Amino acid sequence: MTTQAIGTSRGGIDAGIAVRAYLAVTGIVLLLMMLFGFTMRLAQAQWINIEPNTFYMILTMHGSGMVGITGLSGAAVMWYFVRRHVPVSTGVFVANLVFFLVGALLILGSGFIGGFAGAWTFLYPLPEHSGGLWSANAAAFYMLGLLVIGVGFLLLHLDVLRGIISVYGGLGAGLGAKQAFGLAPEKDGPPPAVAAATMASISNIVGIVIGAVVLVLMLVTLYVPSFTFNTLLAKNLIYYFGHTFINVTIYMAVIAVYEILPMHTHRAWKTNRAFYLAWVLSTLMVLTVYPHHLLMDFAMPTWMLIAGQIISWVSGLPVLLVTAFGALTNVYRSGIKWSVAAGLVFIGVAGWAIGVIPAIADGTVIVNSVMHNTQWVPGHFHTYLLLGMVAMMLGFMAYIGGGRAPSRLGPAGLWTFLIGGAIFVLAFLAGGAASVPRRYAVHLPGWLPYDRVGVIGAGLVVIGTSLLVTRFFLALRSPMSGDGIR
Amino acid sequence: MRRIARYKLLLAACVAWACLWLPPLRSMLESDMTLHMTVQLPLLTAIGVMLAMVLRPHEPCWFADADWLGIPGVLLAIFTTSLWMLPRMLDLALGNVSIDLLKFASLPLLAGLPLGLSWPRVPALGRAFLWANLISMLATMGGLYLGAPQRLCAYYRLDQQSAAGTALVAIAIVLGLAWFIVLFIGAPSPAKPRSADKSRINERFGWGASHTFPRS
Ligand code: HEM
Ligand SMILES: [Cu+2]
């Protein structure tokens, strides 16, 4: 079932070039956003001095830029592997990149020209009440940028599902729902890439449709402030979209683990009943878990918060467990020959698994009431995003652009990234445990030690990532082949 | 479709049109904003879709070719329906005979008819995109009616207005769920994907297939 579905699409855009274009954009934007993060850490450590307004603008750009670029690169991983099994359109894939670039320009403009600093979560009614810091137009550019990016992703995910339906008949079959409930033999189930892509696409489509509603409504309120909405409802809708979108980046990147590790161990990834059940369950849960962002909103119906808390404990777990377990059994005694790509995706699984632990702690009401809005939160999400999702994605990048690149660059980049990343997230977590608040431009003297350790970790991450991205760009110069993409 | 069946359909469309125009049904549907927006307007559009089914076999070739991928027709339908989503237009239709006539003529002829003719020509991805947009636009319109600071229609009360808003949001949710369930279940046993056969998939799902709909 793993035949290359279609070579080049209509219009003759080359799929290999398209994937490389995605990764090239990813490399540049990722490094830029990391530099923004590094700047914030430097400012909190009081080693440089920037205006609080600028800090919050950079925070907004870093948050939305990182969420966007992990979404984009996750989509590249998903698309690259899913097209081995189902027909997808390269034109739509490229269109998504174009939409993304246009949207990213609008967002960068809203921040660096318009001064928009309402955070990537753009919580209503903050964009409308800037206290004179930014104009309605700046906020509108930000939201339009998100809408444009959303259109691209909507098209891409719809096209992936169309491809999956054309081969498997329905989304249930794409997920392996029958296999999950023991109604069909495991061996007839879809390959892991297809199950993951089905889950990711369903979730993101729901999230984007809901996000579009709240974005358009808020755009109206920017210009017609007499329109008012229930702020709590708006927050629900925003987190529905935001939580889903950022979560799905991991579920797309994890496909790289399913595909890259087996190539190194020469063992197929086991897709058993538990595997399919995990993906079915996480499809349901990723769409119902977002209330953990509202645990401090006392006006929320209690049952929603309780449900949100319980689902938070279990939502990430099924896929995480089958993936971590699958990765270990795939590697164990396989005589694997490690490469940079395999090492990075393996780190990605570990980073994801470790990062989920403090996240689950924070998804608990009594813990949340203490840890909410401390640096514990960036601590846990940077763990599974940076050391989890980004590590898997960098593994994919190394796999696509590996081969003939100078051999030292890869291992050096990998270790610097790993060590720096560990220091960086531990500094956040330690700060959070000491009640350092998140999203503060100016820190008290007692908090500075955490910040300064964080700077060192962040610096190492930037260096390590630069090495890995450089390795990718160097490999672009040599003729493409070897990874089976045409 | 057989000829007789087509005549029956035409007849049904005309009868429905007349029923919607005549007082008992009409005054009932127009007395309430929710019924006006979510029952009368969609039914008028549906009449146009029925007409499209009657007319499709007589559609000239050049017309089908000009309606590239169904884009012009769908755009026309979108413009027409968006116009009648405006509270001001609803109001005018109640108070002004010529606007009322316009409503009864434009929704079937400029929304339903082009939609019915063009829809089969729209590629699968385009249809899915339109569905997704319809769902989010309905919810957005509903949200706007709910969030509006004052009455938007002279003929309808504020409570009717928010009832209409709630109804639109509810319809969006139901449509979304229904769409999901249909796609989730899908076709019972698809062509097994031994090797993804490009031409067969294109044929079934309209990618790259010729954009003229095969005549029935
Ligand atoms: C070198 C790597 C990185 C550095 C130095 C960095 C630094 C930072 C800093 C200093 C903050 C603000 C913390 C605070 O609230 O006090 C932050 C927030 C954030 N970062 Fe990163 N980050 C990095 C990588 C990433 C990655 C890979 C992602 C992936 C998605 C990411 C997503 C976010 C998000 C979503 C926020 C929250 C923004 C907000 O509070 O509105 N970061 N980061
Ligand atoms: Cu969440």
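A few comments on the model shown:
- Residue A:452 vs. criteria at pLDDT 95 or above, surrounded by fewer than 18 Cβ atoms within 10 Å (Cβ to Cβ) and either within 16 Å of ligand 2 (Cβ to nearest atom) or farther than 21 Å from residue A:346 by Cβ (or both): yes
- All conditions but one from (1) surrounded by 24 or more Cβ atoms within 10 Å (Cβ to Cβ); (2) away from ligand 1 (no atom under 16 Å from the Cβ); (3) of a type in the set (A, V, I, L, M, F, W, C); (4) closer than 24 Å to residue A:301 by Cα apply to residue A:241; the one that does not is (2).
- Here is the figure for the stretch A:88-102: residues that are within 11 Å of chain B (Cβ to nearest Cβ) and open to solvent by less than 10 Å² (accessible area, probe 1.4 Å) total 0.
- Members of the stretch A:107-136 found to be aliphatic (A, V, I, L, M) and open to solvent by less than 40 Å² (accessible area, probe 1.4 Å), listed by number: A:107, A:117, A:119, A:136
- Where helices (runs of 4 or more DSSP H) fall entirely within the stretch B:1-88, those with at least 1 residues that are more than 21 Å from residue B:120 (Cβ to Cβ) and in contact with a His (Cβ under 9 Å, 6 or more places away or on another chain) are at B:23-31.
- Residue A:85 being outside any helix (DSSP H, G or I) and open to solvent by less than 20 Å² (accessible area, probe 1.4 Å): yes
- Here residue A:227 passes the criteria (1) away from ligand 2 (no atom under 16 Å from the Cβ); (2) among the aromatic types (Phe, Trp, Tyr); (3) part of a helix (DSSP H, G or I) except the one numbered (3).
- Here residue A:262 does not qualify as farther than 26 Å from residue A:152 by Cα and open to solvent by 30 Å² or more (accessible area, probe 1.4 Å).
- Of the helices (runs of 4 or more DSSP H) lying entirely inside the stretch B:96-156, those carrying at least 3 residues that are facing another protein chain (nearest Cβ under 9 Å) and open to solvent by 20 Å² or more (accessible area, probe 1.4 Å) are B:124-147.
- Here residue A:310 meets each of (1) open to solvent by 40 Å² or more (accessible area, probe 1.4 Å); (2) closer than 24 Å to residue A:365 by Cα; (3) touching a helix residue (DSSP H, G or I) at 6+ places or on another chain (Cβ under 9 Å) with one exception, condition (3).
For every residue, the table says whether it meets (1) at pLDDT 90 or above; (2) surrounded by 15 or more Cβ atoms within 10 Å (Cβ to Cβ).
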{"site": "B:8", "(1), (2)": "no, no"}
{"site": "B:20", "(1), (2)": "no, yes"}
{"site": "B:23", "(1), (2)": "no, no"}
{"site": "B:30", "(1), (2)": "no, yes"}
{"site": "B:36", "(1), (2)": "no, yes"}
{"site": "B:46", "(1), (2)": "yes, yes"}
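- Listed by first and then second residue, the pairs with beta-carbon distance under 7 Å, at least 6 apart or on different chains, first residue in the stretch A:446-465 and more than 8 Å from ligand 1 (Cβ to nearest atom), second assigned to a helix (DSSP H, G or I) and open to solvent by 60 Å² or more (accessible area, probe 1.4 Å), are A:460/A:419.
- Any hit, the stretch A:93-102, residues being modelled with pLDDT of 95 or more, among the small types (Gly, Ala, Ser) and under 28 Å from residue A:388 (Cβ atoms): no
- Scope the stretch A:215-243; condition more than 14 Å from chain B (Cβ to nearest Cβ) and hydroxyl-bearing (Ser, Thr, Tyr); matching residues: A:239
- Flag if residue A:394 is within 20 Å of residue A:25 (Cβ to Cβ) and within 16 Å of ligand 1 (Cβ to nearest atom): yes
- Restricting A:277, A:295, A:317, A:287 to those that are more than 16 Å from ligand 1 (Cβ to nearest atom), within 14 Å of chain B (Cβ to nearest Cβ) and not β-branched (Val, Ile, Thr) reduces the list to A:287.
- Scanning the stretch A:363-376 finds one or more residues that are modelled with pLDDT of 95 or more, open to solvent by less than 40 Å² (accessible area, probe 1.4 Å) and closer than 17 Å to residue A:62 by Cβ.
- Residue selection: residue B:88 satisfies the criterion of being surrounded by fewer than 17 Cβ atoms within 10 Å (Cβ to Cβ) and in contact (Cβ under 8 Å) with a residue 24 or more places away in the chain.
- Single condition residue A:268 does not satisfy, out of (1) open to solvent by 10 Å² or more (accessible area, probe 1.4 Å); (2) within 14 Å of chain B (Cβ to nearest Cβ); (3) more than 16 Å from ligand 2 (Cβ to nearest atom); (4) not charged (D, E, K, R): (2)
- When residues of the stretch A:389-445 are limited to those that are touching a residue at least 12 places away in the same chain (Cβ under 8 Å) and polar (S, T, N, Q), the one most open to solvent (accessible area, probe 1.4 Å): A:435
- Residues of the stretch A:254-300 that are within 24 Å of residue B:184 (Cβ to Cβ), at pLDDT 90 or above and of a type in the set (A, V, I, L, M): A:254, A:255, A:274, A:277, A:278, A:280, A:281.
- Residue-level analysis places residue A:146 among those that are open to solvent by 10 Å² or more (accessible area, probe 1.4 Å), in a helix (DSSP H, G or I) and within 14 Å of chain B (Cβ to nearest Cβ).
The values are calculated or read from the model by the stated rules, or taken from the named source; none is laboratory data. Fair warning: this is a prediction, and the values are worked out from it, not measured in the lab. Glycine gets a Cβ as well: all are built from the backbone with ideal geometry, and neighbour counts include every protein chain shown. Please note that ligands, DNA and RNA were not included when accessible areas were found on the heavy atoms of the full protein model with its side chains. Shrake-Rupley method; radii C 1.70, N 1.55, O 1.52, S 1.80 Å.
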